[in-house]
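The values are calculated or read from the model by the stated rules, or taken from the named source; none is laboratory data. Here the structure is a predicted model, which means the values were calculated and not measured. Using ideal geometry, Cβ is built from the backbone for each residue, glycine included, and neighbour counts are taken over all protein chains shown.
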Amino acid sequence: MPHPIASHPRAGVVALVAVVATLVILPARADEHQHGNGSDWLVFVTGDARVHSSSDLAPQSNYDYLSADVLYSHSDGRFRMLAETYVAPDELDVERLQMGWEFGENTLAWIGRFHQPSSAWNTEHHHGQYLQTAITRPNIEHWEDEGGLVPQHITGALLETRGALGDKGGLTLAAGGGAAPVIVDGAMRPLGLFRPNVGGYRPSWSARVSFLPELLGDESMGLVLAHHELNVRDPTVAALLSANDVELDVVGAFVKLDRRNWRLQATWYDIGVALDSGQQTRHERFGAGYLQVERSLPHALTAYGRVESSDNAGNSTYVTFQRREFELRRGLVGLRWDLARSQALTLEATHATTLAVPFNELRLQWSGVLP
């Protein structure tokens, strides 16, 4: 669902101008921040085009997209700040705004708007497209405005800590709680920091624990837990669900391996749904997960493939009426070429089956990071 700014007739022009300004002005200021006061700018840029085989999916033909993701961080003694702003032709939003305090060498407490820690994929990749090998993120990991089924942006408090375990291993823990999104205009809408809000936000908590075979390595495996309470503020959705409140309980496991030229990431979530009408509560359960394998090749090439699957999602009222575009199954292959320093060109081919139709998709993306 586009941000309300998209309803303004000049929103696209304003957003594109902001993208250009981001690319020109911020890199020039980065050096000053980096060397003056412990601050840093990163600007992730993306150009995307795609074509669908199904006329039932929007957009129906070519899709050209220019976006920028601006990440700012600052540290001063024990104080930390992190801000992330996403700019696109139909969206302008502050995705993260966190103020933190380092209580120990590896323990940080944050307040503000953050990415909930029980998403295995989004914890690794966040919004910067350049950081992930694939063009697309797994369907179950989609952001709220992309048709996501699980809340991803929470406003509240977050604790992150890391410690050694054994001779060379490590253990990390992240736990957060705050205001969950509400369901309005057919989708979840998180609490916005600089825009009007509809109110009625209910609590959310989430946690992730990870074992690291090597404390400073890239491999990890662990468990995630979450509980989200969603207030249904959309009368149409409330009627379809026969519920005014939705509670989601998420339990999941993940593993990430990195062995020489091979990388693997696998995740599975079991999701319990409680639909409360005020007079009765109905319970549902479905599962969803994915496996992505990557192989580094000569000439700065990376080949990858991913399979996504779900269990009982097609029988869930929450899935069926909340987001008919949810993909029950997806298979994709892709090739990424890191053609220059901090730039990549990626081609990705997909076959997927939604609750409505099966379809094929071809995507081409240029992504990069500045400075």
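Rundown of residues vs (1) touching a strand residue (DSSP E or B) at 6+ places or on another chain (Cβ under 8 Å); (2) more than 24 Å from residue 235 (Cβ to Cβ), yes/no style:
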{"residue": "123", "(1), (2)": "yes, yes"}
{"residue": "168", "(1), (2)": "no, yes"}
{"residue": "181", "(1), (2)": "yes, no"}
{"residue": "190", "(1), (2)": "yes, no"}
{"residue": "206", "(1), (2)": "yes, yes"}
{"residue": "215", "(1), (2)": "yes, yes"}
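Please go through the stretch 177-189 and pick out each residue that is within 16 Å of residue 116 (Cβ to Cβ) and either at pLDDT 95 or above or among the aliphatic types (A, V, I, L, M) (or both). Break it down stepwise before answering.
Initially, the stretch 177-189 is screened for residues within 16 Å of residue 116 (Cβ to Cβ), giving 177-182, 188-189.
177, 178, 179, 180, 181, 182, 188 - these are the residues of the stretch 177-189 that are within 16 Å of residue 116 (Cβ to Cβ) and either at pLDDT 95 or above or among the aliphatic types (A, V, I, L, M) (or both).
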(message) Considering only the stretch 281-289, I want to know if a residue exists there that is without any contact (Cβ under 8 Å) to a residue 12 or more places away in the chain and either among the β-branched types (Val, Ile, Thr) or not in a strand (DSSP E or B) (or both).
(response) yes
(message) Considering only residues that are outside any strand (DSSP E or B), at pLDDT below 95 and not hydrophobic (A, V, I, L, M, F, W, C), which ones fall in the stretch 142-176?
(response) 142, 144, 145, 146, 147, 148, 166, 167, 168
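Kindly indicate whether any position in the stretch 257-271 is within 23 Å of residue 231 (Cβ to Cβ) and assigned to a strand (DSSP E or B).
Here is the first cut: in the stretch 257-271, the residues within 23 Å of residue 231 (Cβ to Cβ) are 269, 271.
From the residues that got through so far, the ones that are assigned to a strand (DSSP E or B) too are 269, 271.
Looking for residues that are within 23 Å of residue 231 (Cβ to Cβ) and assigned to a strand (DSSP E or B), one finds at least one in the stretch 257-271, hence yes.
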(message) Which of the numbered conditions does residue 114 fail, given that it passes all the others? Conditions: (1) aromatic (Phe, Trp, Tyr); (2) closer than 24 Å to residue 79 by Cα; (3) in a helix (DSSP H, G or I).
(response) (3)
(request) For the stretch 328-369, name all the residues that are assigned to a loop (DSSP other than H, G, I, E, B), touching a Gly at 6+ places or on another chain (Cβ under 7 Å) and surrounded by fewer than 15 Cβ atoms within 10 Å (Cβ to Cβ). (result) 342
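Within the stretch 273-292, is there a residue that is of a type in the set (Val, Ile, Thr), within 20 Å of the chain's Cα centre (by Cα) and within 30 Å of residue 211 (Cβ to Cβ)?
No.
Mind listing whichever residues of the stretch 93-109 are closer than 22 Å to residue 143 by Cβ and over 16 Å from the mean Cα position of the chain (by Cα)? Explain how you work it out, then say what you get.
Of the stretch 93-109, the ones closer than 22 Å to residue 143 by Cβ are 93-98.
Hit for the stretch 93-109 is 98, nothing else.
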(request) Among what's in the stretch 221-272 and is under 21 Å from the mean Cα position of the chain (by Cα) and hydroxyl-bearing (Ser, Thr, Tyr), pick the residue that is nearest to residue 155 (Cα to Cα). (result) 269
(message) Can you report the number of residues in the stretch 293-327 which are closer than 19 Å to residue 248 by Cβ and in a loop (DSSP other than H, G, I, E, B)?
(response) 6
(request) Please work out which one of (1) within 23 Å of the chain's Cα centre (by Cα); (2) surrounded by fewer than 22 Cβ atoms within 10 Å (Cβ to Cβ); (3) not aliphatic (A, V, I, L, M) is the condition residue 213 fails and give its number. (result) (1)
(request) May I ask you to list the residues in the stretch 82-134 that are without any contact (Cβ under 8 Å) to a residue 12 or more places away in the chain and either hydroxyl-bearing (Ser, Thr, Tyr) or within 25 Å of residue 294 (Cβ to Cβ) (or both)? (result) 132
(message) With the structure loaded, tell me whether residue 298 is of a type outside the set (S, T, N, Q), loosely packed, with under 15 Cβ neighbours inside 10 Å, in contact (Cβ under 8 Å) with a residue 60 or more places away in the chain and out of contact with any Gly (no Cβ under 9 Å at 6 or more places or on another chain) or whether it fails that test.
(response) no
(request) Hey, could you check the stretch 157-177 for residues that are surrounded by fewer than 20 Cβ atoms within 10 Å (Cβ to Cβ) and small (Gly, Ala, Ser) and say which is farthest from the chain's Cα centre (by Cα)? (result) 166
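To keep it simple, each residue is scored yes or no on (1) in contact with a Ser or Thr (Cβ under 8 Å, 6 or more places away or on another chain); (2) over 30 Å from residue 91 (Cα atoms).
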| site | (1), (2) |
| --- | --- |
| 149 | no, no |
| 157 | no, no |
| 174 | yes, no |
| 181 | no, no |
| 185 | no, no |
| 210 | yes, yes |
| 215 | no, yes |
| 236 | no, no |
| 241 | yes, no |
(request) Would you check which residues across the stretch 311-352 are more than 22 Å from residue 272 (Cβ to Cβ) and of a type in the set (Ser, Thr, Tyr) and list them? (result) 342, 346, 350
